[in-house]
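The values are calculated or read from the model by the stated rules, or taken from the named source; none is laboratory data. Since the model is a prediction, treat every value here as computed from it, not as a measurement. Neighbour counts run over all protein chains shown; Cβ positions are idealised from the backbone, glycine included. SASA here: full protein model, heavy atoms, side chains in, ligands and nucleic acids out. Shrake-Rupley method; radii C 1.70, N 1.55, O 1.52, S 1.80 Å.
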Amino acid sequence: MAGTRAAIRYAKAVLDLAQTQNTAQAVNEDMMLVAKAVSENKDLREVLQSAMIKANDKKDVLLKVFPNANPMFSGLLDILVKNKRVNILGDVATKYIELFEKSQNIEVAHVTSAVELTDDLKKKVLAKVKELTSADKIEIKNTVDASIIGGFILRVGDVQYNASISNQLNTLKREFTLN
C-alpha cells in the first residue's frame, strides 16, 4: 500500500513536470514501454526487487534496456535511486499512464473476450462506451481469456458489464441449486 501511494506521488510529479515542458505524450510512451517490460519480463522484475543488487546497478541496467527514453526518464531514475525506490518503477509507470489518460480525458475500456475482438465488435464496444461516459477519446484494451467460453466482459472505470457465457452458466447453476 505504501508503495502504491509513493508511486502515485512520483507519477504526479513526473506528469506535472512533463506537462510544463510539453513532453507529457513522449513520457507517456516511455512509461508504456516501461510498464509493459516490467509486467512481462520476470528477470527485470527480479532485478528491480532484488536487495542484493545496488540501486546504481539497477539504474545502469534500466538505461541499457531503455536507451532511447526521454531525458525525464533518466531524471526519474536518479530520484528513485537517491530515495532507494527503484523497486517501484513499474508502479510509477502504471500510475503515470493512468494519470496521463485522465488528464487527456481518455477513457480506457477493458474488454475481456474468449477470442480477439474483430473491427466490427470494437465499433460496437466503442459505441456502448460512448453512451456510458463523457470521454473525449476512448481506448480499448482487449484481453483474451478462453475460460469465459464466449461473450465478453466490459469494464469502464468502476462499471463492469459481464455478458460472458461462463457468467450465464454460473447464474443458471445457482438458480438450479437454490430450487
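When the Cα positions of VAL27, PHE73, SER164 are compared along the charge dipole of the chain, PHE73 comes out farthest toward the positive end, with charges on each C-beta of Lys, Arg, Asp and Glu.
R0 = 25 Å: FRET efficiency of ALA127 with SER39, Cβ-based, nearest 0.05? Before the final figure, lay out each step's value.
Details: r = 30 Å, r/R0 = 1.19.
FRET efficiency, ALA127 to SER39: 0.25.
Step through the table entries LYS82/LYS141; LYS58/LYS95; LYS36/LYS128, compare each Cα-Cα distance with 25 Å, and write down the pairs that go over it. Could the numbers behind the result be given before it?
Working: LYS82/LYS141 35 Å; LYS58/LYS95 21 Å; LYS36/LYS128 27 Å.
Cα-Cα > 25 Å for LYS82/LYS141; LYS36/LYS128; rest within.
Our note on the geometry: Cα centres of the range 141-179 and the range 10-81, 36 Å apart. Remark: the chain carries a charge dipole of roughly 480 debye about the Cα centre, counting +1 on each Lys and Arg Cβ and -1 on each Asp and Glu Cβ.
Quick one: work out the % antiparallel among DSSP beta bridges in the range 42-179, nearest 5. Provide the component values of the computation, followed by the final result.
On the way: 9 of 17 bridges.
Around 55 percent antiparallel, to the nearest 5.
Going by accessible surface with a 1.4 Å probe and the largest first, MET32, MET52, MET72 read MET52, MET32, MET72. Computed as a quarter of the hull surface, the mean projected area of the alpha carbon convex hull for the range 1-102 stands at 5.9 nm². Report, in degrees rounded to the nearest 10, the 0 to 90 angle that the Cα long axis of helix 89-103 makes with the longest principal axis of the chain. Once rounded, the angle reads 60 degrees.
For the ranges 128-135, 168-175, 56-63, what's the packing order if you count other beta-carbon atoms within 10 Å of each residue, average per peptide, and put the highest first? Intermediate values should be presented prior to the final figure.
On the way: 128-135: 14.0, 168-175: 10.9, 56-63: 16.2.
Order by mean packing, descending: 56-63, 128-135, 168-175.
The angle between the Cα long axis of helix 71-82 and the longest principal axis of the Cα atoms of the chain comes to about 80 degrees, rounded to the nearest 10.
Under the simplified labelling scheme, the ASN83-MET32 pair shows an inter-label distance of 2.6 nm, with each label point 7 Å from Cα along Cα→Cβ. Bridgeable aspartates and glutamates around LYS54 (alpha carbons under 14 Å apart, same-chain partners fewer than 8 residues away excluded): GLU46, ASP78. Size of the range 72-123: Rg and Dmax of its alpha carbons, in Å, are 16.7, 49.
Counting only residues at least eight positions apart within a chain, or on another chain, the aspartates and glutamates with an alpha carbon under 20 Å from that of LYS42 are ASP30, ASP57, ASP60, ASP91. Based on protein heavy atoms only, the chain ends up with 64 Å² per residue of surface accessible to a 1.4 Å probe.
The angle separating the long axis of helix 24-40 from the principal Cα axis of greatest extent in the chain is about 70 degrees. Under 13 Å from a point placed 7 Å out from the Cα of THR23 along the Cα-to-Cβ direction: which residues of the range 60-83 have their backbone N that close? From the range 60-83, the list is 68-78. The simple Förster model, with R0 at 41 Å and r as the Cβ-Cβ distance, assigns ASP16 and ILE165 a FRET efficiency of 0.35. A helix-only calculation puts the chain at -19500 deg cm²/dmol for mean residue ellipticity at 222 nm, using -39500 (n - 2.57) for each DSSP H run of at least four residues, averaged over all residues.
Compare LYS122, LYS64 by solvent-accessible area with a 1.4 Å probe and give them largest first, with all protein chains kept in place.
Working: LYS122 75, LYS64 165 Å².
I get LYS64, LYS122, largest accessible area first.
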